[in-house]
Amino acid sequence: MTRVLVVDDDFMVAKLHCRYVSAVAGFTVAGVAHSGAEALREAERLRPDLVLLDVFLPDMDGVRVLRELRAAGHGTDVLFITAARDAGTIRSALRAGALHYLIKPFSQAALHEQLRHVASLRSRLDDLDEARQEDVDQIFGTRPRGSRDLPKGLAAPTADLVDSVLRAHPEGLSATECAEAGSLSRVSARRYLEYFAETGRAEVTLRYGGTGRPERRYRRLG
């Protein structure tokens, strides 16, 4: 289980975030804090795997909380969940070591996608002894467009389109649904989806119906 500390000064918002976290398999709420000082105390006491951290706290901002966590030697992952939209705060959060930054208001599905991303990263790192460059690219994010090597017959713009469709459907979708969403042929959508599955950017599950072959469904990883 991934143990989560929820930090938000608004008691009702914190309660809502706890409910969102508890709805994701493999995640559990270890504790809740409503100020920066309380967050630091609870992080020391609970040693959570992940902190959902607001920027606007009554005693100190969330970026300072993250910096103090790092200074104290805590290696917990931190996902910012905040209404702060200014580039300076986002840049500071990134430089302090935030895993990601989710801007309020957001949907339950958006948080669930980020939690699944955290789980995917943790699993991928746990399974690695030595990393290939493609493993590192998946962990840190995609490579610049010009550096990607696609198989013959696949084009970067179409790959980006299929990737954006996958991002928009975190619950997963079939090749037919992807083709409709991206205005592609089913054959083309299937080729890119299978490529993503082969390279670890998507996972494939089978959905069995009453008759015929099972439907292949694709969900983006990371």
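The values are calculated or read from the model by the stated rules, or taken from the named source; none is laboratory data. A quick note: this is a predicted structure, and the numbers were derived from the prediction, not measured. Quick reminder, even Gly has a Cβ in these numbers, built from the backbone with ideal geometry, and neighbours come from all protein chains shown. To get the accessible areas, we keep the full protein, side chains included, count just its heavy atoms, and leave off ligands, DNA and RNA. Shrake-Rupley method; radii C 1.70, N 1.55, O 1.52, S 1.80 Å.
Remarks
- Among 48, 105, 170, the largest mean-square fluctuation in a Gaussian network model of the chain, built with springs joining Cα atoms closer than 10 Å, belongs to 105.
- Residue 56 paired with residue 95, simple spin-label distance in nm, labels 7 Å along Cα-to-beta-carbon: 2.4
- log₁₀ of I(q)/I(0) at q = 0.13 Å⁻¹ - the chain, Debye sum with one point per alpha carbon: -0.84
- Charge dipole of the chain (Cα centre as origin; +1 on each Lys and Arg Cβ, -1 on each Asp and Glu Cβ, all else neutral): 560 debye, rounded to the nearest 20.
- Comparing 174, 112, 13 along the charge dipole axis of the chain, the residue lying farthest to the positive side is 174, per the Cβ-charge model.
- Pairwise label distance in nanometres, residue 28 with residue 9, each label 7 Å out on the Cα-Cβ vector: 3.2
- Measuring nothing but protein heavy atoms, the accessible surface of the chain at 1.4 Å probe radius is 51 percent carbon and sulfur.
- The value given for region 41-105 is a Kirkwood hydrodynamic radius of 11.8 Å, derived from the mean inverse Cα-Cα separation.
- According to the calculation over all Cα-Cα pairs in region 151-206, the P(r) per 5 Å bin from zero is 4, 21, 37, 27, 9, 1 %.
- Full-stretch length increase - residue 198, residue 216 - with 0.36 nm per residue and alpha-carbon distance subtracted: 5.1 nm
- In the calculated pair-distance distribution of region 1-122, the portion above 24 angstrom amounts to 15 percent of the Cα-Cα pairs.
- Computed over the chain, the per-residue total of -39500 (n - 2.57) for DSSP H runs of n ≥ 4 gives a 222 nm mean residue ellipticity of -14500 deg cm²/dmol, rounded to 500.
- Residue (of 63, 83, 73) at the positive-pole extreme of region 17-143, dipole from beta-carbon charges: 83
- Comparing 79, 154, 128 in a Gaussian network model of the chain, where Cα atoms under 10 Å apart are tied by springs, the biggest mean-square fluctuation is seen for 128.
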